[in-house]
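Data first, discussion second: the structure below is written as C-alpha cells.
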Amino acid sequence: MMETKSPFLDTLFLLRKEECITIFTDIQEISQKEEQDAADYFESEFEKERLEFLSDQINCDRETAVWAAKVMYHSAQLHLIRENTAKDLNKLIPSFKGKRDISSILSADLSLRFLPQIIAVLQSADPEDALIKMLENILKQFHYSAIGFDLELENINWEEELKDKTYRKLYLERIVEKKAYSLAEIPYINQLLIAEFGMYKDIFWRELKIKNN
C-alpha cells in the first residue's frame, strides 16, 4: 500500500506491514472515503489470512473491521494526545454494536491483535487511565485478539465458545504460538490441546502440564 496522506489509513498500513505506529499531532476526523478505503483494504487482508482458515465459509465483516481499526487508531493516538479528549472517549472508542460471530471476531482481529501492546504502553504511563478499562472491555468481547495478554476472562462457556471447528483451530494455534499458559491450563482447552498434540506433546509444548477434570 502506498502512503495516502491520511493519518488513519497510513497508520493501518504501517501497523499491518511493519508493526509500528506513527503518532500524529492531533486526532482528525475519519472521513467516509477513508472508512471505505479501509474496508477495501481489510477485505483484501482478510482474504490473504483466510488461506490459513481452511474454510471458504467465513467472509470479512467490513463494518466490524473498520470499527476495530478506528478503536486501534484512536487508542494509539490517545497515548500522547489527551488535551480535551476526556469528554470524547466514548465517541473515539465506541463499544461494539454489531453481531459477535466468527466473521466479526476474525475481522476485528486484523486490528485488535495490536491492542494489547497499546494497553501495555498506556499502563506504563498511567495505570489509572480510564481508557485502559474501555480497551480491556473490548478485548474481553474479542479475547481471541488478547491471547497471550493478561486479561481476566470470566463466565465463558468454552465448549460453546469454541464449538466452531475453524475458530477452535485458530484459537488453539494462537494459544500455542503465544504460550498462553492461563488459557492452556483451563481444563477444557487443555484437553483439546493434549488431543491435538498427541504423542508429540513434548515437541509442541514440553512445559505444559496435563490437567485432569
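The values are calculated or read from the model by the stated rules, or taken from the named source; none is laboratory data. Here the structure is a predicted model, which means the values were calculated and not measured. Cβ coordinates were reconstructed from backbone atoms using ideal geometry, including for glycine residues, and neighbour counts include every protein chain displayed. Side chains included, ligands, DNA and RNA excluded: accessible areas come from the protein's heavy atoms. Shrake-Rupley method; radii C 1.70, N 1.55, O 1.52, S 1.80 Å.
So, in the stretch 104-119, exactly how many residues are open to solvent by less than 10 Å² (accessible area, probe 1.4 Å), over 13 Å from L151 (Cβ atoms) and touching a helix residue (DSSP H, G or I) at 6+ places or on another chain (Cβ under 7 Å)?
Residues meeting the conditions: 7.
Which of (1) at negative phi; (2) in a loop (DSSP other than H, G, I, E, B); (3) not hydrophobic (A, V, I, L, M, F, W, C) is the odd one out, the single condition D109 does not satisfy?
(2)
Scan (1) part of a helix (DSSP H, G or I); (2) open to solvent by 20 Å² or more (accessible area, probe 1.4 Å); (3) closer than 27 Å to G148 by Cα; (4) modelled with pLDDT of 95 or more for the single condition V71 breaks and write down its number.
(2)
Scanning the stretch 137-187 for residues that are crowded, with 16+ Cβ neighbours inside 10 Å and charged (D, E, K, R), which turns out nearest to D109 (Cα to Cα)?
Per the criteria, the residue is R174.
Within the stretch 178-212, how many residues turn out to be small (G, A, S), out of contact with any Leu (no Cβ under 7 Å at 6 or more places or on another chain) and in a helix (DSSP H, G or I)?
3
One residue is enough: does the stretch 120-133 have a residue meeting the conditions within 19 Å of Y73 (Cα to Cα), in a helix (DSSP H, G or I) and in contact (Cβ under 8 Å) with a residue 60 or more places away in the chain?
The answer is no, given that none of the residues of the stretch 120-133 is within 19 Å of Y73 (Cα to Cα), in a helix (DSSP H, G or I) and in contact (Cβ under 8 Å) with a residue 60 or more places away in the chain.
If you take the residues in the stretch 195-213 that are under 12 Å from E185 (Cβ atoms) and open to solvent by 80 Å² or more (accessible area, probe 1.4 Å), which one is modelled with the lowest pLDDT? If you could, list the steps in order and put the result at the bottom.
As a first pass, look at the stretch 195-213 and keep what is under 12 Å from E185 (Cβ atoms): 205, 207-212.
The next check asks that each one be open to solvent by 80 Å² or more (accessible area, probe 1.4 Å); those that pass are 207, 209-210, 212.
Values: E207: 90, K209: 87, I210: 86, N212: 72.
Among residues in the stretch 195-213 that are under 12 Å from E185 (Cβ atoms) and open to solvent by 80 Å² or more (accessible area, probe 1.4 Å), the one modelled with the lowest pLDDT is N212.
Checking the conditions here, which among K5, K48, K17 is over 17 Å from I105 (Cβ atoms), under 19 Å from the mean Cα position of the chain (by Cα), at pLDDT below 90 and open to solvent by 90 Å² or more (accessible area, probe 1.4 Å)? Quick ask: steps written out before the conclusion?
Values: K5 fails: under 19 Å from the mean Cα position of the chain (by Cα); K48 fails: at pLDDT below 90.
K17 is the lone residue from the list that is over 17 Å from I105 (Cβ atoms), under 19 Å from the mean Cα position of the chain (by Cα), at pLDDT below 90 and open to solvent by 90 Å² or more (accessible area, probe 1.4 Å).
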